[in-house]
Structure formats: structure tokens, C-alpha cells
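Read through the structure below, which is laid out as C-alpha cells, and then see the notes.
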Amino acid sequence: MSSPAATTPKAGPASGSDAVIEPSPFQNPRFTVFAAGNAINNIGEAMYATALPLLAYRLTGSLAIMTLLAAAVPVGMLLAPSLGWVADRWGPRVLVVPGLLLQAAAALVMNLVLHAGTPTPASLFVCALLVAIGAAAYRTGWMTGVPAMFPDCPVRARGTLNSLFFAATLIGPVVFSLCLPFMGYEGLLWLNLATFFAPVAVWAMGLHPPRVRPGGPGTGRNWKLSEGWKAIVADRRVLDMLIVQVVLAITCGAGFQALVVYSLGHTWHLSDRAVSAVITVMNACMLAGNLLVAQRKRIRPRITLTLGMTACGVSLLLLAVPWWPVFLAAVALGALGEGAVLSTVVMMRVKYLPGPVLGRASGLMWLITGGAALLSPAVTPVLTEAVGARGTFLVLGLGACSALWYLRRGREDWARPSAPIAPESNVQEESPCGKSPKQPARRPTSGPSEPAPRSAPGCASR
């Protein structure tokens, strides 16, 4: 059995440091099983995201229909604050299985409609929207449940799951390309439907967020959505991360990616195959940046945010240089920095946001950053029309560098220790093997730590 000293998350070398020191989540076999089910689901969703728009175009020949189906995902994200409120109020477990079952039911109906040969744009959009809502509910459930499920390493567990998501976005299209000649579009959509049941199987094995404890300490708490916003603005570090992510979404979002693809073809005259290879390199570098942060034993969030945004800003400025090797190196550098920033942000939400408002605060942050991401494809074409592609890269680079100035202003806040843990949430932790309930789940602090729950024999090891 692990000793309390071995399982207690550590605060860092000094009380004034913002460093996070945690063991690898893969030392816990429960995490490996949970991550495997999550990864299978994510690969299916990445494959589905590739297959559905192409199938819609093959059936209708309409770019408008493709755009309409693609809009289902951001529309589903509008529910993020409400789903976060549900997770805080009744516990994250009430979202996981219902979300998965909603995804499966909507995907089943979509597949039957496609098999019947009479799909309409409205029916496809409704099914795609329900799939997106189910996916948002499922993601909100497991994201807010991670701290209680893996109390020994909540920050690194969250970062590792985020890395696996990035890996799935690379693997899904590859699976699509390999299987399309043999299974066809409809076969791939049926395969995607099957992947929804991998997390259900993991749940049946006892790996899931803890249940709500009726009459527990959370009873009578203020459940207003505004409490999530108060938690964001109360800690300068959380607000800094939100502002940095908003800047990143605007400067390196979908509009920037479209501009890179345009430059590869229009300025550098690359073939479609070569453009696809460059995009693959971008995605691989983003995954590498994510892993460089998530898999470190000691994480210093302000340093990684600063280095990541520096890489993004410098790469945008270098993209304006009219030399192909510099352009390619800048694309890779920017993706590496973006991956590091995104990994830091999702991990530090677990560290700095109080547990009782984690769902609401995270939901509001997803909504704000999602709105900022929608500005990218609106701003970039206007800039390109006004100052050209290279001028746009320069403007976006200066915008990314503005985040560095903001981070420098708040460096004193990052040096202070985290606030004491908030009152316990009204959830009851189950034993690591999914058996009898134990003491209420606690979130780790980075100040003088309380004894962490002991790991059950044979479940987690150091």
C-alpha cells in the first residue's frame, strides 16, 4: 500500500513557486484502462468528423450543406456552461453515460437515414447536432470528474488525456483513409457508432466519476452560473490563462490555418499531396508540444505559457519571410508552441479552479474561447484583403506577442502559492477499484497539503 507521503501531490520546491510535481498517471492501471476507452471514442469521432462532410458533399454536391454540418459542433458547445452547471450541481457522472447514449442514438438514426437513401439536409443536421450535444455532455462529465477519479495526479491525468485527444485527431483521418476503400462511408459511420460503447464498457468496469452524496457538504451551496465567472476573475492566473487562450484562438485559429494552406498552394505552389504532408507535420508538432508539457514530472505553467506564446509569435513573424525553409520551420515552431499552450491551459484549470465550480468555470471558458475561435475566420480574410498574406502574418504575430506583455504584468501573481482548497464538493469518492465508497474527494492544493486518500492495494502504485 502506498504511503500518504507517496501519494500526496507535491507543491514544488518552494511555497512561492507555481510548479506542479505529480507522478505519471500511467502508474495507475485504472488510468490506463480509462484512457484507452476515451481514446477509442476520440478516434471514432475524428474519423466521423472526416467522413461526414465528405459524404454530405458526395450526396448533395453542396458546400453549404458541408458547412451546415460542420456548424453542429460549435453550436453544441454553446451548451458548455449549462452542462458545467449540471456537473457541479449533481456530479459529473450524470453526464457521461447519458451523453454517450445520446451520441449513439443520434448516430444510429443518421446511419439508418443514410441507409434508406433519402437523407435531407435538415435530418442530417439534426442528427449531427444531437451527436455534438452528446459529445459535449460526455466530455464535460469526464473532464470535471478527473480530479476525483485520479487524486494522486489530477493535473497530469488531465494533460495526458488531452494529449491522447490530439493523437486521435491524427489517427482518425488515417483510419478513414485506410478503411474507406473496403468499408465505404456508411461502413465507417457504423464503425464510429461502435466506438461510443468503449467508454460505456470502461464505466461497467467501475471506472467512472464519483456519485453525488445526498445531504453532503455541497447541499445549499450557491449554484448560480455566475459563481463560475467569479472563480475565473478571482484568481489572476486563471484570468491570464483565459486571455492567453483567447489571443491564441484569434491569431492561430481556423482563419490562420486556412491562410497557411492558401500560402502553401498560392505562394509556394505545392501540390495537394505536399500541402497535406505539411498539415500532417503541423498536427504532429502540436501533439509533440502537448506531450512536452503533459509528460513532464515538474510543470511550471507561467514558463510554459510564456515559451509557448513566444514560439507562436515568432513563428507568425517568420511566416512573412519569403524563403521556403524558413516558412516550413515557422509552421512547425508555431504548432509546437500552440500545443504547449493548450496543454498548459487545460491542466492548470484543474489546479487553480475550485472543485465546486470547476464545471461552471470550465464551461464559461470553453464558451469564451470558442467564440474567439469563430473570430479567426472572420478577421483573417479581412486582413489579407487589406495588407496581403505576409502583412497578415505580421499583424497576427504582433497580436500573439501582446499576450507576452500581459503575462509579464502578472508575474507576481504566478509566484504566490495557490489559495487554500475550497469547501468540499458534494461528491462521494469510490475506492480506486470501483468498490465501496470512501471519504469525500478532495482536490490537491499547491500549499501545505492535506493527507491524500490512500490507494487501494494493487490499484495504484508509485
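Express in nm, to one decimal, how much length is gained between Ser62 and Lys224 on full extension, taking 0.36 nm for each residue of separation and deducting their alpha carbon distance.
Values: separation 162, 0.36 × 162 = 58.32 nm, distance 4.30 nm.
Computed gain between Ser62 and Lys224 is 54.0 nm.
For the stretch 198-322, place one equal point scatterer on every Cα, skip the solvent, and apply the Debye formula. What is log10 of I(q)/I(0) at q = 0.15, 0.17, 0.18 Å⁻¹?
-1.00, -1.09, -1.13
Just the Kirkwood number for the stretch 91-248, please: inverse of mean 1/r across all distinct Cα pairs, in Å, one decimal.
One decimal place: 18.6 Å for the Kirkwood radius.
Ordered by residue, what ³J(HN,Hα) values in Hz, to whole numbers, does the stretch 364-380 give under the Karplus form 6.51 cos²θ - 1.76 cosθ + 1.60, where θ = phi - 60° and Gly and Pro are x?
Result, ordered by residue: 5, 5, 4, 5, 5, 5, x, x, 5, 5, 6, 6, 4, x, 8, 7, 4 Hz.
More than 25 Å apart: what percent of Cα pairs in the stretch 14-121 qualify?
Working: 2594 of 5778 pairs.
So the pairs more than 25 Å apart make up 45 percent of the total in the stretch 14-121.
For the stretch 65-181, state what percent of all Cα-Cα pairs lands in each successive 10 Å bin, counting from 0 Å until the bin that includes the largest distance.
Pair shares across the bins are 13, 32, 37, 15, 3, 0.
Between beta-carbons, use under 13 Å as the cut-off and find the net charge around Asn290, counting Lys and Arg +1, Asp and Glu -1.
Working: positive: Arg156, Arg158, Arg296; negative: Glu338.
That works out to +2.
Per residue, how much space in cubic angstrom lies within the convex hull of the C-alpha atoms of the stretch 275-326? Intermediate values should be presented prior to the final figure.
Numbers: hull volume 4.0 nm³, N = 52.
So the per-residue Cα hull volume is 77 Å³.
Rank by packing, highest mean first: peptides 400-408, 385-393, with packing defined as the count of other Cβ atoms within 10 Å averaged across residues.
400-408, 385-393
What does the charge count around Leu193 come to, taking other residues whose C-beta lies under 13 Å from its C-beta (Lys +1, Arg +1, Asp -1, Glu -1)?
Here the charged neighbours net out to -2.
Name the residue from Ala136, Ala107, Pro173 whose Cα lies farthest towards the positive end of the charge dipole of the stretch 81-209, charges +1 on Cβ of Lys and Arg and -1 on Cβ of Asp and Glu.
Sorting the options by dipole projection puts first Ala136.
Give the Debye-formula value of log10 I(q)/I(0) at each listed q (0.22 Å⁻¹), with one equal scatterer per alpha carbon of the stretch 244-286, two decimals each.
-0.76
Work out the FRET efficiency for Ile171 and Asp413 from their Cβ-Cβ distance, taking R0 = 51 Å, and round it to the nearest 0.05. Intermediate values should be presented prior to the final figure.
Values: r = 39 Å, r/R0 = 0.76.
Approximately 0.85, to the nearest 0.05.
Would you please state the base-10 log of I(q)/I(0) at q = 0.12, 0.19, 0.24 1/Å for the stretch 139-210, with intensities from the Debye formula using one equal scatterer on every alpha carbon?
Treating every Cα as an identical point scatterer, log10 I(q)/I(0) equals -0.45, -0.90, -1.11.
All of the numbers you see were taken from the coordinates with simple rules; none came from a lab. Small disclaimer: the values here were computed from a predicted structure and weren't measured. As a convention, Cβ positions derive from the backbone with ideal geometry for all residues, glycine included, and neighbour counts pool all protein chains shown.
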